[in-house]
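What follows is a set of notes on a single structure, which appears directly below.
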Amino acid sequence: MTSARTRDRLVARLKERGITDPRVLERIRSVPRHLFVDEALASRAYEDTALPIGLGQTISQPYVVARMTEALVAEPLPEKVLEIGTGCGYQTAVLAGIVSQVYSIERLAPLLRRARPLMGSLDLYNVHLRHGDGFKGWNKHAPYGGILVTAAPEEVPPVLLEQLGEGGRLIVPVGPRGRQELMEITRTGDTFERRSLGLVSFVPLLGGTA
Ligand code: SAH
């Protein structure tokens, strides 16, 4: 169920759906997604679908992870990336094999407790996890070449725009539940150019921690 052939099938499907970046496809092939879900769901880990990870949260669909990663790591490759919404850490692990430093924030402590040991066991020492409210970003390590938000705010949090470096890109699903648009926002000086990457479905970005 978690064999090389099963993973190859997932990669083939993502290619069919338009993912072309070889670095992204290689990460999808090599990151063991079955370790990020409950054992009972491991047999479904290489299906192109979102799965529950507890506390009402989900591990994103591989296609969406690939699409967002591809947009984020396009030229120029960001060196330092901030992720909001670590969840189980799957997207974090995909990113960590492509960029040099990944900072990731999660508001639910129990999810972070599960994600943390996984990073070590996958030898991803360039990942920095933090329990906090992503609406505030992570100012200490700003500016970031890229920021990826994996839960949907109703509007783009201004702080995240502030923490974006020159030429940096913010990838964020924006809008109410069931009607979200994936946005790519690029910073040039104090100008922020927005481009839509299509419709998506994410859990909401919520304020505060728990
Ligand atoms: N990146 C994950 C997706 C997790 S789902 C993956 O690879 O599959 C989105 C996550 O965002 C949830 O774990 C949720 O708890 C978290 N989240 C929601 N609002 C947040 C906030 N304000 N700050 C940090 N994390 C938040």
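Being open to solvent by less than 30 Å² (accessible area, probe 1.4 Å) and either without any contact (Cβ under 8 Å) to a residue 60 or more places away in the chain or over 21 Å from I59 (Cα atoms) (or both) is the filter here; which residues of segment 147-171 pass it?
If the condition is that a residue be open to solvent by less than 30 Å² (accessible area, probe 1.4 Å) and either without any contact (Cβ under 8 Å) to a residue 60 or more places away in the chain or over 21 Å from I59 (Cα atoms) (or both), then A152, P153, V156, P157, L160, Q163, L164, G165, G168, R169, L170 are the ones that fit.
Of the residues that sit in segment 155-210 and are hydroxyl-bearing (S, T, Y) and assigned to a loop (DSSP other than H, G, I, E, B), which one is farthest from the ligand (Cβ to nearest atom)?
S201
So is E106 within 14 Å of the ligand (Cβ to nearest atom), under 9 Å from the mean Cα position of the chain (by Cα) and open to solvent by less than 30 Å² (accessible area, probe 1.4 Å) or not?
Criteria not met by E106.
If you go through segment 88-103 one residue at a time, how many are within 8 Å of the ligand (Cβ to nearest atom) and open to solvent by 10 Å² or more (accessible area, probe 1.4 Å)?
2
Can you find, within segment 1-25, the residue that is farthest from L111 (Cα to Cα) among those that are among the hydrophobic types (A, V, I, L, M, F, W, C) and open to solvent by less than 40 Å² (accessible area, probe 1.4 Å)?
I19
Please find, within segment 179-198, the residue that is least open to solvent (accessible area, probe 1.4 Å) out of those that are touching an Asp or Glu at 6+ places or on another chain (Cβ under 6 Å) and without any contact (Cβ under 8 Å) to a residue 60 or more places away in the chain.
T186
Each row is one residue, and each column tells you yes or no for (1) closer than 25 Å to L164 by Cα; (2) aromatic (F, W, Y).
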| residue | (1), (2) |
| --- | --- |
| E39 | no, no |
| Y46 | no, yes |
| L51 | no, no |
| S60 | yes, no |
| A66 | yes, no |
| E79 | yes, no |
| G85 | yes, no |
| Q91 | yes, no |
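With the condition kept exactly as written, say whether any residue in segment 123-137 is modelled with pLDDT of 95 or more, surrounded by 24 or more Cβ atoms within 10 Å (Cβ to Cβ) and closer than 22 Å to D38 by Cα.
No, that holds for no residue.
Residues being open to solvent by 50 Å² or more (accessible area, probe 1.4 Å) and either more than 15 Å from E184 (Cβ to Cβ) or under 13 Å from the mean Cα position of the chain (by Cα) (or both): count how many of those fall in segment 62-76.
Final tally of qualifying residues: 1.
Restricting attention to segment 26-60, and to residues there that are open to solvent by less than 30 Å² (accessible area, probe 1.4 Å) and aliphatic (A, V, I, L, M), which single residue is nearest to the ligand (Cβ to nearest atom)?
I59
The values are calculated or read from the model by the stated rules, or taken from the named source; none is laboratory data. Bear in mind that the values here come from a model prediction, so they are computed numbers and not experimental data. Cβ sites come from the backbone with ideal geometry, for glycine too, and all protein chains shown count toward neighbours. Only protein heavy atoms, including side chains, enter the accessible area calculation; ligands, DNA and RNA are left aside. Shrake-Rupley method; radii C 1.70, N 1.55, O 1.52, S 1.80 Å.
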